[in-house]
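The values are calculated or read from the model by the stated rules, or taken from the named source; none is laboratory data. Bear in mind the structure is a predicted one, so any value in this text is a computation, not a measurement. Here the Cβ is made from the backbone with ideal geometry for all residues, glycine too, and neighbour counts use every protein chain on show. SASA here: full protein model, heavy atoms, side chains in, ligands and nucleic acids out. Shrake-Rupley method; radii C 1.70, N 1.55, O 1.52, S 1.80 Å.
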Amino acid sequence: MASELEPEVQAIDRSLLECSAEETAGKWLQATDLTREVYQHLAHYVPKIYCRGPNPFPQKEDMLAHQVLLGPMEWYLCGEDPGLGFSKLEQTNKPSHLCGRVFKVGEPTYSCRDCAVDPTCVLCMECFLGSIHRDHRYRMTTSGGGGFCDCGDTEAWKEGPYCQKHELNTSEIEEEEDPLVHLSEDVIARAYNIFAIMFRYAVEILTWEKESELPPDLEMVEKSDTYYCMLFNDEVHTYEQVIYTLQKAVNCTQKEAIGFATTVDRDGRRSVRYGDFQYCEQAKSVIVRNTGRQTKPLKVQVMHSSIVAHQNFGLKLLSWLGSIIGYSDGLRRILCQVGLQEGPDGENSSLVDRLMLSDSKLWKGARNVYHQLFMSSLLMDLKYKKLFAIRFAKNYERLQSDYVTDDHDREFSITDLSVQIFTVPSLARMLIVEENLMTIIIKTFMDHLRHRDAQGRFQFERYTASQAFKFKRVQSLILDLKYVLISKPTEWSDDLRQKFLEGFDAFLELLKCMQGMDPITRQVGQHIEMEPEWEAAFTLQMKLTHVISMMQDWCALDEKVLIEAYKKCLAVLMQCHGGFTDGEQPVTLSICGHSVETIRYCVSKEKVSIHLPVSRLLAGLHVLLSKSEVAYKFPELLPLSELSPPMLIEHPLRCLVLCAQVHAGMWRRNGFSLVNQIYYYHNVKCRREMFDKDIVMLQDLVQQNSTLIEEMLYLIIMLVGERFCPGVGQVNTADEIKREIIHQLSIKPMAHSELVKSLPEDENKETGMESVIEAVAHFKKPGLTGRGMYELKPECAKEFNLYFYHFSRAEQSKAEEAQRKLKRQNKEDTALPPPVLPPFCPLFASLVNILQSDVMLLIMRTILQWTVEHNGCVWSESMLQRVLHLIGMALQEEKQHLENVMEEHVITFTFTQKISKPGEAPNNSPSILGMLETLQNAPYLEVHKDMIRWILKTFHAIKKIRESSSTSPVTETEGTVMEESSKDKDKAERKRKAEIARLRREKIMAQMSEMQRHFIDENKELFQQTLELDASISAVLDNSPVVSDMNLTALGPAQTQVPEQRQFVTCILCQEEQEVKVESRAMVLAAFVQRSTVLSKDRSKFIQDPEKYDPLFMHPDLSCGTHTGSCGHVMHAHCWQRYFDSVQAKEQRRQQRLRLHTSYDVENGEFLCPLCECLSNTVIPLLLPPRNIFNRYFLIKEFRKYGSVAAP
């Protein structure tokens, strides 16, 4: 067959080679209707060059296309030999100062961390090596393809916008100069004519939707009956599915099917069959039928060969246009004019609009080609870049809707160009003002999330697979909003204020839909059966974290905007929590003579949500009022009188109470979904706009166990002590970063990468560590381990705060141990006193009065009273430690006040005087100071003695300062007299209580002794036998030698005596801790058993019947063995059985509802480990070592033997 086709192909080649590009261009120059002449030429020759058989010949097609099709266009454009014409254009051209190199996939890119306006500003390798940025801090990444070099863009760099190559052009070019002045009028006219025709042709043929008919201008007289079965790419079906389907549909080999699948994945489409219509339609029906059983089928079209030919040339034509405009900026300007010129149909009729709006209908290869043309033309011409940005913004909503319904990745979508437009500060600002871009982005995002509950909040619980896919794609809009906000304005116009506040209104509506979403209720009685969906809500929160921060940064730049934003946020918060919801009851609380109206709400019984973005945004804006001093300049413009403390603090407080109850173990039956939510609430990725803002909001204005009291005290420590937020305390951002680093290094020395990961990043992915690290840490050069480590400077240890609010429980414990160990090494006392804190800003200054309030003093006195009485059921050491820390904070605060006070000011912070006074009637409890003096000698408080001594020492130091300053001598004298009288009372009270405790102990010991004697008398014989059994066992063990490095015996009567190790494990499902014992409930480990040939001696052997093959039988030829692996996670056997049953039931429902493939086969007993999701198909019982089991069995057997004899 091939030999028969060769003469025909050669004849076609000869006829095409006789076509002269110069003569054709001459005819076009003389033609009265150029469009008709060009279209006739294309209609005649394109089908003769492209798509002449089942397999393409790209090299031959490109050669013929350049001679027959593109050659005449170049001759027409230049008016002479293109070699000479293009050379002249290059010589007269004034090159652009922009580099504009389009990156390929995997190409290295460089971003300067010191000079880049945002992280999206990058340089190619050539420009980077020739720029000043090579000596700065920089970040190197690999491109995903599609972006271009920003060298020469003055808006992208704070300094050094030009490399050495492009800097030469800046002195020769004027920004306002029209590049068309360097072209002759004839060239301009010809370029406009040919560009308009060819661009229109390419757009028309690429967006053509009919499969058998060409546009009328391109129809041939003689039309052959040849078609292609064209297979298109999607992101649903796998390689294996496509390969298998093609083998069945077109009867090809596996190698050919792999080639087809690879081309489809790379280019977006590929013809898999060539022939008449019926022949191709048959293949299409097989492909659709085989791939449409569980998901939507692969896209297949039967297209006439002439249509495929013209589309292939259309792509070649767009690439040609991109190369032609590289010769001259004037030609680029003409192409931009042609592309953006409105057509006869009005709006959205330009060629650029038509291509953009058809983006989701085009295949991957076509998209890549025209995206690159846009980048090399529209985005490289500053004048038309602005016009293109306007067209992009006007079509934004429709483009995003097309992208969400499309299944191609974002890098192949026109929406991916948003990063090239929205990150340009001048364009972003212009689009906000003229096109209301912020509002458009936010409303488009909300339009795609229509699944709401009865209160209008987002609901992700019952998401179907399609809704989950849609949610994943719509997240890209948040990235676009971040691009718009990433460059902050230096000047504000009235229009910018108005449009930003409109966008802020839309943003508040978005946050309103998140306020209180995914509420949870404490599970009582039975463990939760199915883990609820929680990841979508936290994904949304994490995506919005930087956007919320940037919104606040914008508000901070203008006082008018900040005031209006604060009012709007407060109004939305009042709408969210207007009136009393279910479970809320108004109540008046009274304590120490004070009363307050608040809301009673039982977190352990009612619904509570961890998502409160509106409350947290208001907290951030409130800090900005303090930081910018707007609250003091314009108090009349702020609705401060409308602030209701219960409304502001109620929901953040519920959040913190929820965390406290989780730590207390009250929510274990709610499963791991809640544990994960609490983890991310405190995690570095979310805490800035979640946990931190809840603390700020609370700054702005118990029955189950002692853990809740400890958490409450911890909360008070955070409220009064966390001042390292600019606007809350008198600090700057550098102080905040220093404190983070000090506390991370107080745990252990860290490498640079480890330390960076523990610090929060801003929107530019910077932590600010480099600017402050040398002030707080020494760098220890790498040793044998090869890692350099940062170590905390000794002088910075005094700034360590044991209750630093970003510590997890584990980190706090490690830091405490490390700091105490360091103090012991330095032969210092092990007290960890609170550090000296910076003063509050005036708006928050009254917070320190919490420490000396009547209620706080009552709490301190009560807990110390419990400790003195040594009532173990009420107090705990952790509770006492927190109280001591609070007392230390108050003493540090008073000491600072005394040292910094002006002569004419009166000291209002008198904590030392208040703790010297005894309690009031009717309790008449000792003073706080007296109880501390008592506790410093308590034998059961050895760990806290140093801290108590430090408190007493600081108290006396403050007392001396007061005496020397004579600030209030009368009050001080009174306090001394009261202190002396209180000491006498304390002494008598301690004596009386000691006598009572002694009598109580004697009484209890007498009762226990009597009970023991009574028990022995009743079971005298059994007791004697037990003693004999113990004696015999101990005799055997005593005969065993003691463990020695020189003599160890494993078995026999003289086996080495080894102490039995107790093992405790925690069930990953119910979280209950249990000792591993024979009589305990069975524990199992998730495991995976499979056949293995890793150590096989005969790999060629084939198992005839795998189902009947015994995996435990090992054949002598060692052809196949059994491999068992486990992730090591432990569960109760009954907990695992319930979990596995629920997985099976869930998968049965899933198959009926979604028909999706899973990563494991439930029918074959496979499941995922509930914790790490490791593939498993069995469980392994957790057993004691054989020695322990035998010993226990022997003892039980002997005990039963003697017990049966002794029984009456």
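Observations on the structure shown:
- For segment 774-785, the criterion of being within 21 Å of the chain's Cα centre (by Cα) and open to solvent by less than 70 Å² (accessible area, probe 1.4 Å) is met by no residue.
- Any hit, segment 804-816, residues being crowded, with 16+ Cβ neighbours inside 10 Å and in contact with a helix residue (DSSP H, G or I) (Cβ under 6 Å, 6 or more places away or on another chain): yes
- Subset of segment 489-517 (residues that are more than 30 Å from Glu155 (Cα to Cα) and touching a Ser or Thr at 6+ places or on another chain (Cβ under 6 Å)): Gly516
- Among the residues of segment 1122-1154, those identified as at pLDDT 80 or above and of a type in the set (A, V, I, L, M) are Val1130, Met1131, Ala1133, Val1143.
- Single residue of segment 352-404 satisfying the filter (among the polar types (S, T, N, Q) and out of contact with any Leu (no Cβ under 8 Å at 6 or more places or on another chain)) that is farthest from Arg333 (Cα to Cα): Ser401
- Residues in segment 265-298 that are within 24 Å of Arg52 (Cβ to Cβ), among the hydroxyl-bearing types (Ser, Thr, Tyr) and part of a helix (DSSP H, G or I): Tyr279 alone.
- Search result, residues across segment 76-94 that are open to solvent by 60 Å² or more (accessible area, probe 1.4 Å) and either under 30 Å from Val122 (Cβ atoms) or not in a loop (DSSP other than H, G, I, E, B) (or both): Leu84, Lys88, Glu90, Gln91, Thr92, Lys94
- Here Glu791 does not qualify as more than 35 Å from the chain's Cα centre (by Cα) and loosely packed, with under 15 Cβ neighbours inside 10 Å.
- Only listed residue being in contact with a Lys or Arg (Cβ under 8 Å, 6 or more places away or on another chain) and at negative phi, chosen from Val272, Val264, Val221: Val264
- Residue count for segment 430-442, restricted to those that are buried (at least 23 other Cβ atoms within 10 Å of the Cβ) and either among the acidic types (Asp, Glu) or closer than 20 Å to Asp150 by Cβ (or both): 1
- Residue within segment 177-185 that is among the acidic types (Asp, Glu), open to solvent by 30 Å² or more (accessible area, probe 1.4 Å), outside any loop (DSSP other than H, G, I, E, B) and under 21 Å from Asp329 (Cα atoms) present: yes
- Of all residues in segment 851-869, at least one satisfies being surrounded by 14 or more Cβ atoms within 10 Å (Cβ to Cβ) and more than 28 Å from Ala664 (Cβ to Cβ).
- Of the residues making up segment 416-429, those that are among the polar types (S, T, N, Q) and buried (at least 19 other Cβ atoms within 10 Å of the Cβ) are Ser418, Gln420, Thr423.
- Sole exception among (1) open to solvent by 30 Å² or more (accessible area, probe 1.4 Å); (2) assigned to a helix (DSSP H, G or I); (3) in contact with a helix residue (DSSP H, G or I) (Cβ under 7 Å, 6 or more places away or on another chain) for Lys748, by number: (2)
- Flag if Val68 is farther than 30 Å from Thr154 by Cβ, buried (at least 17 other Cβ atoms within 10 Å of the Cβ) and either among the basic types (Lys, Arg) or within 52 Å of the chain's Cα centre (by Cα) (or both): no
- Scanning segment 239-249 finds one or more residues that are modelled with pLDDT under 90, among the charged types (D, E, K, R) and open to solvent by 70 Å² or more (accessible area, probe 1.4 Å).
- Taking the criterion of being within 21 Å of Gln91 (Cα to Cα) and either part of a loop (DSSP other than H, G, I, E, B) or among the small types (Gly, Ala, Ser) (or both), no residue of segment 57-75 qualifies.
- Among residues that are of a type in the set (A, V, I, L, M), more than 30 Å from Asp854 (Cβ to Cβ), at pLDDT 85 or above and buried (at least 20 other Cβ atoms within 10 Å of the Cβ), Leu658 is not included.
- All of (1) in contact with a Ser or Thr (Cβ under 7 Å, 6 or more places away or on another chain); (2) open to solvent by less than 20 Å² (accessible area, probe 1.4 Å); (3) under 28 Å from Lys472 (Cβ atoms); (4) of a type in the set (Val, Ile, Thr) hold for Val264 with one exception: (1).
- Filtering segment 299-349 to residues that are assigned to a strand (DSSP E or B), crowded, with 19+ Cβ neighbours inside 10 Å and over 43 Å from the mean Cα position of the chain (by Cα) leaves Val302, Met303, His304.
- Scanning segment 445-500 for residues that are farther than 15 Å from Met550 by Cα and among the aromatic types (Phe, Trp, Tyr) turns up Phe445, Phe458, Phe460, Tyr463, Phe469, Phe471, Trp492.
- Residue in segment 613-629 that is part of a loop (DSSP other than H, G, I, E, B) and open to solvent by less than 60 Å² (accessible area, probe 1.4 Å) present: yes
- Qualifying residue in segment 888-910 (condition: out of contact with any helix residue (DSSP H, G or I) (no Cβ under 7 Å at 6 or more places or on another chain), at pLDDT below 85, open to solvent by 70 Å² or more (accessible area, probe 1.4 Å) and assigned to a helix (DSSP H, G or I)): yes
- Sole exception among (1) among the polar types (S, T, N, Q); (2) surrounded by fewer than 14 Cβ atoms within 10 Å (Cβ to Cβ); (3) outside any helix (DSSP H, G or I) for Thr767, by number: (2)
- Filter result (touching a helix residue (DSSP H, G or I) at 6+ places or on another chain (Cβ under 8 Å) and surrounded by 15 or more Cβ atoms within 10 Å (Cβ to Cβ)) within segment 135-154: Tyr138, Gly144, Gly145, Gly146, Gly147, Phe148, Cys149, Cys151, Gly152
- The residues in segment 835-865 that are assigned to a helix (DSSP H, G or I) and touching a Cys at 6+ places or on another chain (Cβ under 9 Å) can be counted, and the count is 4.
- Checking Met712 against (1) outside any helix (DSSP H, G or I); (2) at pLDDT below 90, the condition it does not meet: (1)
- Subset of segment 405-415 [in a helix (DSSP H, G or I) and surrounded by fewer than 21 Cβ atoms within 10 Å (Cβ to Cβ)]: Thr405, Arg410, Glu411
- Residues of segment 461-513 that are open to solvent by 70 Å² or more (accessible area, probe 1.4 Å), among the β-branched types (Val, Ile, Thr) and in a helix (DSSP H, G or I): none at all.
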